Structure formats: structure tokens, C-alpha cells
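Enquirer: Here it is: the structure, laid out below.
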Amino acid sequence: MSLLRVRDLRKTFGDRVAVDGVSFQVARGESFGLLGPNGAGKTTTIGMIVGALRPDAGTVTVDGEDDPTRPSLRLRIGVAPQALALYQDLTAEENLAFFGSLYGLSGATLQERVRWALAFAGLEERRRDLARTFSGGMQRRLNLVCGLLHDPPLILLDEPTVGVDPQSRNAIFESIEALKRDGRTIVYTTHYMEEAERLCDRVAIMDHGRILALDTVAGLVRDHGGKPRVVIEFPERPATLAKAGGTWEDGQWRVETDRPEEVLLQAVNAGQPLRHVAIDRANLEAVFLHLTGRSLRD
Amino acid sequence: MKAIWALAAKDLRLLLRDRADLFWILGFPIVMALFFGSISGGGGPRAALPIAVVDQDASPMTQSIVDRLRSSEGLKVREAPLDSARNLVRRGDLVAYVLFPAGTGASFGFGGDSTQSVEIGVDPRRSAEREYLRGFVTAALFQSIQGSFGASGGGRDQVRASLDQLRENPDIAPEARERQGTMLRALESFMVALDSTRTDTATGGTDGEAAGPNIRVVEVTEDDSGPRSAYEVTFPSSIAWALIGVCMSFAVSLVQERMTGTFLRLRLAPIGRATILAGKGLACALAAAVAVTIVLCLGVFVFGVRISNPPLLAAAIGASAFCFTGVMMVVSVLGKTPPSVAGAGWGIMLLLSMTGGGMIPLVAMPAWMQAVSNYSLVRHAIVAVEGAVWRGFGWGEALPPLGILIGAGILGMAVGSRLLRTDRA
Ligand SMILES: Nc1ncnc2c1ncn2[C@@H]1O[C@H](COP(=O)(O)OP(=O)(O)OP(=O)(O)O)[C@@H](O)[C@H]1O
Ligand SMILES: [Mg+2]
């Protein structure tokens, strides 16, 4: 049974349509990715799911209940907003203790959860420092754990790695993978396709407020990524390959094929040294390009 | 409830870490108290002083004095019984009352009771106005006596009649007859002289004060002693600044939270909108109460300010803190960014303070501003605190300012929380 069900969500700001009929379901324990470029409507969708924004149309159902503003439901939802939401003049520990107390935690339980969160974010040594003294990556990590103190089963992470150096990003990523291993249900928005590929069981490709395709990464690649592409560079263009198909560019032979091994065999049999050989398997980037005609980073 | 405390504690902790905010809440009010305390006593251009006259004599003489006071542009005169006149002065609604006790008119005649005196009861805060007022009353007295004894008045006839009587009365000892005769003749020639030098000084100067009839000036407070020092006046006034500082600091922190996203986290927590607002309000009210208390404590322990009614003071501080928490909620929705809220907020606050006596003493204000000051919450906060410090208010007198403060607080909270968007956009 799905923990989160989103049906036909719609939201406009003035006459700008931000979310235009989005539907999906996320099963318990699943990691679900919303992948899309800037302005695709990811944050707006998350806002409606957690009850920060009122949908113009459509419904959100969490755990069988359909009013995410109900306190009992809010206790089961954890959010890391895209915009850093921290008190800069409180220490890491104070931020955590404060947000924890809003979720009814107190005393030893609260202390224990704060300790867990500091360890989770790798901020134990800086726990007594004001948030404003933290690097961008540390603030991101703190922003992430501030939403997890009450140990919610449903976690929504809105671009938790944005603007972070690769090392910090990896640390954040490993934390999230740990959450996934612990059986949390995760909704993850990003415009980094590698993140979606690495973490998400299923991914929805979003653009202009709509979901263009939704499937497992393998399924998306299979259906929308096109065939694997073999790229081989020869010193000279072999005569034997004149009728073999594909294209020639800069002395490179490029062939899209479901059977790359056969293409390789043809190349080897051409009797020339191979300067460069590559098999490019389709990825989400290719899927996005195929679906929209644009690159994700545009 | 736990969440409200958590919210309030968070805000207070943040406040303590913001040195600039602390300065506006504590440093600035104290500086203002010391500054005005040390320079007080200066005058300035004045509006008509509101006073009451209490005419217990109701003689033609006192009636004519009252008429003269009425006709002078520098005064706004109303008649009232002594009790209510005293209360009005004590509450700060009037600058002074002028009392003509029974027998005043006769005492200006001959052989009258010279110990009978006109009493001016002034608000000790308006000490700068005291001599000014004494001048008015003195001038009015002189002019009335002059009018009565001058050619047109009955005074000269009375003197002549007295002289005739003196001559014809056989029972009077020769020395006494001689003495009184000399005096009456001198008086007669004095009145002739008066007549010829008569000038119109109806709008009064302060000349002639030293030679005036017996005028007694008393200060109107419970124990008739008034503030012992200017600091007893300036410390209560400076609480206005403390209240404004707290109010602004919290209003700005509220927009700041809305902008930075921490407010989003509060909204996503399993607490209601009422809880969020209550937490903010509690922190604001506590900070206001503490700031006012600190400012007053400095006044009490270092500058000798006395507090005549501690429970009333507590009520006044509580009501003021509550009121300005409501103001804070309204101010916080005046703009969408901290600078716009701070700008609009300080504008309103300066107006409230200026018209409420936080900057210019009420007496030095033009008349229209004095009228406006009744609408300034700052004024009511100051009056309530002063009532407990040295004005000697009872609960009955304190009720109107306290009521206004609490009412305005409730109104502000209602309006502010309605406008503050905590629900979903
Ligand atoms: N509060 C708002 N007022 C007006 N327009 C808005 C508002 N929030 C979002 N939008 C618009 O809605 C569209 C979707 O924005 P949204 O923030 O959901 O995109 P996103 O996918 O999260 O983008 P990003 O990757 O940049 O975070 C954008 O065109 C944006 O300009
Ligand atoms: Mg976004």
C-alpha cells in the first residue's frame, strides 16, 4: 500500500502555472525522485504535499489521511526545505533542541535525538557553534537533520545537496542512503541525475509543472533513453565499414545499437588499430534530452 | 503550552545574542532617561495651558479674576470642584488648578484676612510651567483689584466711606484714628495713581509677582511632595523607548523568520497557528516587562526614584508590555521584508512616542499635539507607570490608562494575527 498518494495536483501563482496536474504514489520504504530543471515545479509540489501550500486542485493522501496540516499527520512527516531554515544565532545543538521540542520531544528523549542528529550530520565537534559560523555544506547537513528529529516515516528532501562541495555532498548522500536502509520512505527532489540514479527506486521526470515520465531508472532509460551508442576512433576511415551504417564525425564512428558487441566485432575485423573505443549507455540525462529536447542543466 | 515556552525561550535567547537589539531595548531608553533628567527644566514655545479654576468664594471679585483668566490666550480654563480638579491634575489631564477659597474676595478689601491665599496646584512634571502660571494668576488678581478700586469700580467710594466713618466714630482712640486715616488716605491716592497708569496687560507677563497677593503654589501628588528629582519623571518616560525597542525587535524578527524559512518550519511543526503567535507574543511581552523593569530598577536603585504603589506598577508594566505586544503584531505585517517593516514601524513608533511624551514633554507641545496625545499608547503607558511611581494613583485612577492599554493590546493581537499569514498560501 502506498504511504503517499498525490492525485492531480495543480497550483498557479498569478497566471503562472507552477504545477499542472501531477499524480504519483510512493510505496512505504520506497525512495522516490522528482527530477527536473529549475522552475519545473518540484518545490511547489513538495509544498503542497506537506501542507505549506494550498493546492488549487487535487488531493494529497498520507498514510490514508488527506489533510497534511493535521498535527497528527505532521508528526509523521519530516521536511528539509530547499531554502535553509535555521536560526543563525543559535548553535547547532540549540537549533536541534528547539525544533525537536516543537514535535513534543523533551528531556532525555530529546537529548538522545539531538545527539543522534549531530552524529548523523557529522557535526558533533561543532555542536556548540552558532549556525552562522558553519560552511555551506555544514548548514545543509544541519538543515537536513532539523527535520528528522522526530524520526518521521515519510521524509521529503528538497534538493538537500544544492550548492555543496563534492565531499560534503557525498557525506549528505551517505546519510540519506542510511535512512533508506532503515526503511524510511523518501521523496527526493534534485536536478542532478546522478543522485536520482544512485538513490531512487523510481523517478518522475518533471518539466513545466508536469510529469513527463515515471518509472524505475532502468525502465526510463529503456523506454526513453535510446539505444547504447558505440564510439570508435580509427586512424583512417576503414573501407570495410563504408556500408556499415552509423555516422562519422571527427574521425569517429558512432553507431546506436542494441547489440554493441556486434559493432565492436565489426570494428576489430576492419584490420586497423583502434585509437579509442567507448560504449555510452543511455542515462537519465539522455532520457530528459529525449523527452524535452533540452538538457537538464539548461 | 510546552511548545509556547519553547518558542518564547528561543526568541529570548536570540534577543540576548543581538547586541544591536539590546541597545535599543535597554541602552537607548536609559540614555534618554539620563539625558532628559539632566537637562530638565527648560521651557519652550507653549500651547495654552489647560487649567481648572475652583471658585469656592464665588464673590464678584473672584468672578472677575476667573473671567480674566478665561480671557487670556495662554490658558484654557474650565471650572471644577476641588476634588475633581485635583484628580485631573494628578492624572496629567490638566497642568494646574487655581483655588479661590471662601473669603478670598474679602481678603483683598480692608482689614481682611491676609492669611487667606489663592492656591495653585501644579502637576510637578510641569514645574517649568509653574512660574509662568503664577504670573498669569498674579496679573489677573492685580487687574481685578485695580478694576474694583479704580475710578469705575466701587473701591474708592468704599475708601471714602471708611474715612468718613473714621472721622465720625468717637470710640476710636486718637492714635489708631491717626494711623488708619493715614493709611486710607494713602490708599486713596494709590488708587488715583493706579487709575492714571492703567494699562492693558490682560495677556499677562510675570512682572509684579513679588508684590502680588498671597499666592501659594502646591504640587499635586498623593503626599504633596511630587517627584524628588527629574529622574522620577524621565525614567517612567523612558520606558516608552524600552517598549518601542522591544516591539520593533520582535516585529522585525517575525518578518525575518518569514523570509528566511524558519517560519516555514514552525508552520510545518505539529503546532497550531495560535501556538506560534502565542510563543512570539509571550517572548515579546516578557522581554518588554523585563526591559521596563530593568530601566525602572536603575532609576530606583541608582537615581533614587521612589515607587509609591508597587502592585500598581506591576500592573502598569504588565499592561504596557501586553499592549505593545499587540502593536508588534500589527507592525510585523506592515511590510514583507525586515527593512520595510523596520521603516514603517519606526515611523509609527516615533509618532507614538513624540505625541505621547516620550520625546517632548506634554506641556511643551502645541495644542493640537496635546489633543493627539490622548491617542498615543505611549502616553497611557507613561501615565500608568507614573501613577504608580509618584502620581499616587489609586486603582480607580489607574483603570482608564490600564484599560486602554489592555484594550489596544487585544485589538492589535486580533488585527495582527488576522493579517499574518500562517495558513497556506
Ligand atoms: N511563491 C511563488 N510566487 C510566484 N511564483 C512562484 C512561487 N513559487 C514558485 N513560483 C513559480 O512556480 C514555478 C515552479 O517553481 P518551483 O520552485 O516549484 O520550481 P523547482 O522545480 O523547485 O525549481 P528549482 O529547481 O529552481 O528549485 C516557477 O516558475 C516559479 O517561478
Ligand atoms: Mg525547488
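The values are calculated or read from the model by the stated rules, or taken from the named source; none is laboratory data. In this text the structure is predicted, and so the values were computed from the model without any measurement. Heads up, the Cβs are rebuilt from the backbone with ideal geometry, glycines too, and the neighbour counts pull from every protein chain shown. To get the accessible areas, we keep the full protein, side chains included, count just its heavy atoms, and leave off ligands, DNA and RNA. Shrake-Rupley method; radii C 1.70, N 1.55, O 1.52, S 1.80 Å.
Enquirer: Could you work out the mean count of beta carbons from other protein chains within 10 Å of each residue's beta carbon in A:86-93?
Expert: 4
Enquirer: Using only the alpha carbons, work out the radius of gyration and Dmax of segment A:209-293 in angstrom.
Expert: Cα only, segment A:209-293: 15.4, 52 Å (Rg, Dmax).
Enquirer: Nearest 5 is fine: what % of DSSP beta bridges in the protein assembly as shown come out antiparallel, could you say?
Expert: Rounded to the nearest five, the antiparallel share is 55 percent.
Enquirer: What full-extension length gain, to one decimal in nm, is calculated for A:Glu261 and A:Ala178 as 0.36 nm per residue of separation minus the Cα-Cα distance?
Expert: 26.1 nm
Enquirer: Put +1 on the Cβ of every Lys and Arg and -1 on every Asp and Glu Cβ in segment A:2-223; which of A:Gln25, A:Ala40, A:Cys146 then has its Cα farthest towards the positive end of the dipole?
Expert: The listed residue farthest towards the positive side: A:Cys146.
Enquirer: With each pseudo-label sitting 7 Å past Cα toward Cβ, what's the A:Lys227-B:Arg17 distance in nm, one decimal?
Expert: Inter-label distance under the simple model: 6.1 nm.
Enquirer: Put a dot 7 Å past each Cα toward the Cβ at B:Met369 and B:Phe301; how far apart are the dots in nm?
Expert: Going by the 7 Å Cα→Cβ label model, 3.5 nm.
Enquirer: Compute the FRET efficiency between A:Arg198 and A:Asn38 as 1/(1 + (r/R0)^6), taking r as their Cβ-Cβ distance and R0 = 22 Å, and round to the nearest 0.05.
Expert: E(calc), rounded to 0.05, equals 0.55.
Enquirer: Using helices alone, I'd like the mean residue ellipticity at 222 nm for the protein assembly as shown: each DSSP H run of four-plus residues gives -39500 (n - 2.57), total over residue count, nearest 500.
Expert: Counting only the DSSP helices, I get -16500 deg cm²/dmol.
Enquirer: Quantify how strongly other chains surround peptide A:104-110 by giving the mean number of their Cβ atoms within 10 Å of each of its Cβ atoms.
Expert: What the average comes to for A:104-110 is 1.
Enquirer: Of all the accessible heavy-atom surface of the protein assembly as shown, with the other protein chains kept in place and a 1.4 Å probe, what percent is carbon and sulfur?
Expert: Carbon with sulfur: 55 percent of the solvent-accessible area.
Enquirer: Taking a point 7 angstrom from the Cα of A:Arg294 along the C-beta vector, which residues in segment A:185-221 have backbone N less than 12 Å away?
Expert: Hits in segment A:185-221 for A:Arg294 at 12 Å: A:206-210.
Enquirer: Can you list the residues in segment B:258-292 whose accessible area drops by at least 10 Å² when all protein chains are present, compared with the chain alone? Use a 1.4 Å probe, heavy atoms only.
Expert: Flagged in segment B:258-292: B:Thr260, B:Gly261, B:Thr262, B:Leu264, B:Arg265, B:Leu266, B:Arg267, B:Leu268, B:Ala269, B:Pro270, B:Ile271.
Enquirer: Please report the spacing between the Cα centers of segment A:1-66 and segment B:260-314 in Å, no decimals.
Expert: 40 Å
Enquirer: Probe radius 1.4 Å, ligands and nucleic acids left out: can you give me the accessible area buried at the A-B interface, summed over both chains, in Å² to the nearest hundred?
Expert: Summing both sides, the interface buries roughly 2400 Å².
Enquirer: Separate question: What's the Kirkwood radius of the protein assembly as shown in Å, using all Cα pairs?
Expert: 32.5 Å
Enquirer: State the dimensionless ratio Rg/Rh of chain A (Rg: radius of gyration of Cα atoms; Rh: Kirkwood radius).
Expert: Radius of gyration relative to Kirkwood radius: 1.09.
Enquirer: With every protein chain left in place, what is the accessible area of A:Arg184 in Å² (1.4 Å probe, nearest 10)?
Expert: Surface accessible to solvent at A:Arg184 totals approximately 40 Å².
Enquirer: If you look at just the Cα atoms of segment B:226-422, how large are its Rg and its Dmax in Å?
Expert: When restricted to the Cα atoms of segment B:226-422, Rg and Dmax are 17.1, 55 Å.
Enquirer: What full-extension length gain, to one decimal in nm, is calculated for B:Trp5 and B:Ile172 as 0.36 nm per residue of separation minus the Cα-Cα distance?
Expert: 51.1 nm
Enquirer: Among all lysine pairs in the protein assembly as shown that are eight or more places apart or on different chains, how many have alpha carbons less than 21 angstrom apart?
Expert: Eligible lysine pairs with Cα atoms under 21 Å apart amount to 7.
Enquirer: Okay, moving on. Simple spin-label model, 7 Å along Cα-to-Cβ: A:Glu124 to A:Lys243 in nm?
Expert: Roughly 7.1 nm, to one decimal.
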